[in-house]
Every structure is written in C-alpha cells, then in structure tokens.
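One structure is given below, encoded as structure tokens.
Throughout, read-outs are computed from the coordinates displayed, never taken from laboratory work. As the structure is a computational prediction, the values presented were derived from the model and not from experiment. Positions of Cβ are backbone-derived with ideal geometry, glycine not excepted, and every protein chain shown enters the neighbour counts.
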Amino acid sequence: MSDQQVLGEEQPSFHADDYEKKWIGVSIVLLVAFAVTVAVAGFALGFQVPGDESRVDPRTVADSGPFSQPGLRDLGGGEYDAYILSQQYLFTPREIRVPAGSTVNFYITSIDVQHGFKLQDTNINMQIVPGQVSKLTATFDDPGEYPYICHEYCGIAHAAMFGSLIVEAGGGS
Ligand SMILES: [Cu+2]
C-alpha cells in the first residue's frame, strides 16, 4: 500500500461521460479492425514490402534483361507477363493486347523520376519508384479498353503519360 492511499479515502476513479465512453469504444474497435486488416493483408494475402529481389539500377535497367524489351510475354495457359518501362512522359509499351480471360502480371519500373500506374476500372494502382520493380497481378474477364495513366505528377507533360490495355473478346485459352 502506498503512502498516498489513506484508509477510508476513495481512489480517484476514471470519469467520462456517455458520449466520451462511446467514442473511446469506437476508437478501440477501429484500431482492432485496422490491425486485423493489416495482419490479413500481410500474412494471409501476401501483401509485403518489396525485398531485394525487386531492386534494380534505374540507370541500367533498360540496357539488359526484361526491361530492355518492354512488352508482353506469353507464358501459356492464358497467363502473361507485362514489362512496362516508365519515363518522362511515356509508358513503353503504350498499348497492350490480351484475350479475355487472361491473367496478367504487371512488372513496372521507372528510369528517371517517380511515376504512378493506375489501370482504370480495376484495383491496379501502383507507385512506380526508380530503383524498384512494382508488381501486381490481375485477371481480365471483360473485353474492353482499360486506359492506364500516370497519377503521380512527374513533370510538365505529366498529363500526356498514358496508355491502354485492350482486352479482346473471343480469346481466353
Ligand atoms: Cu509520370
């Protein structure tokens, strides 16, 4: 028993009015929900920070290896790798065509400044950082044109930095 605790004297109790208690409760629920979301994304769904294997030298990445010839690689079975090079103010290639039902692994890097890659009508939305390869995979069942744009301001002609993924009907093998 500490010196301050005098017998017969009440301990100071936690006081909050009803509204305050409700908001404290809401905050705790949100924190738990965020923690669960991050844990599920990281461990169950495999969203991880890129490691050493996705690190490249932006000065030489376009000289050899897959980014020296950007574009589509047919892996068979309806799966493709798409290597896209970003630079002020261009995506190479500007157009990609796949049959409907294809699964596409996007590998994107930048050789100059930071860019962005947003594929309209999908949840593909990446930051393209020089020195890193950003990777995401998506399956395209619905034919149509899916424009991609740079959504990180990268200079004076930023608005001209776009391209298209075209999903063609009648494919998908
Ligand atoms: Cu850009």
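Rounded to the nearest 500, the helix-only mean residue ellipticity at 222 nm of the chain stands at -4500 deg cm²/dmol, with each DSSP H run of n ≥ 4 adding -39,500 (n - 2.57). Under the rule a/c < 1.5 gives rounded, and otherwise a/b versus b/c splits prolate from oblate, where does the stretch 52-168 land using the Cα gyration tensor? Cα axes put the stretch 52-168 in the oblate bin. When only Cα pairs below 8 angstrom with a gap of at least 6 residues are kept, the stretch 1-101 shows a relative contact order of 12 percent. For the stretch 79-85, backbone phi angles converted through the Karplus equation (6.51, -1.76, 1.60; θ = phi - 60°) give residue-by-residue couplings of 10, 9, 9, 10, 9, 10, 9 Hz, Gly and Pro being listed as x. Of 52, 74, the sequence from fewest to most neighbouring Cβ atoms within 10 angstrom is 52, 74. Rounded to the nearest 20, the Cβ-based charge dipole of the chain about its Cα centre (Lys and Arg +1, Asp and Glu -1) stands at 560 debye.
For residue 22 and residue 123, the FRET efficiency from 1/(1 + (r/R0)^6), where r spans their Cβ atoms and R0 equals 30 Å, is about 0.35. Take each peptide in 127-133, 10-16, 28-34, count the other Cβ atoms within 10 Å of every residue, and average; sorted highest first, the result is 127-133, 28-34, 10-16. On the basis of the beta-carbon distance and an R0 of 41 Å, residue 79 and residue 35 show a calculated FRET efficiency of 0.75. To the nearest ten degrees, helix 18-39 and the longest principal axis of the Cα atoms of the chain are 40 degrees apart. In order along the stretch 96-110, the Karplus-derived 3J(HN,Hα) couplings, from 6.51 cos²θ - 1.76 cosθ + 1.60 at θ = phi - 60°, round to 10, 10, 9, x, 4, x, 6, 9, 10, 9, 8, 10, 10, 9, 10 Hz, and Gly and Pro are given as x.
Per-residue packing, averaged as other Cβ atoms within 10 Å, sorts the ranges 154-160, 119-125 into the order 119-125, 154-160, beginning with the highest.
For the chain, the antiparallel share of DSSP beta bridges with both residues in that region comes to about 70%.
In the stretch 52-168, taking the dipole from charged Cβ atoms about the Cα centre, the farthest positive-side position among 84, 61, 102 is held by 61. For residue 132, the amide hydrogen comes within under 5 Å of the amide hydrogens of 56, 110, counting only partners 5 or more places away or on other chains and with H modelled in the peptide plane. If you take the Cα centroid of the stretch 91-141 and the Cα centroid of the stretch 30-88, the two points sit 9 Å apart.
Each Cα pair under 8 Å and six or more residues apart adds its sequence gap; the mean of these over the residue count of the chain is a relative contact order of 20 percent.
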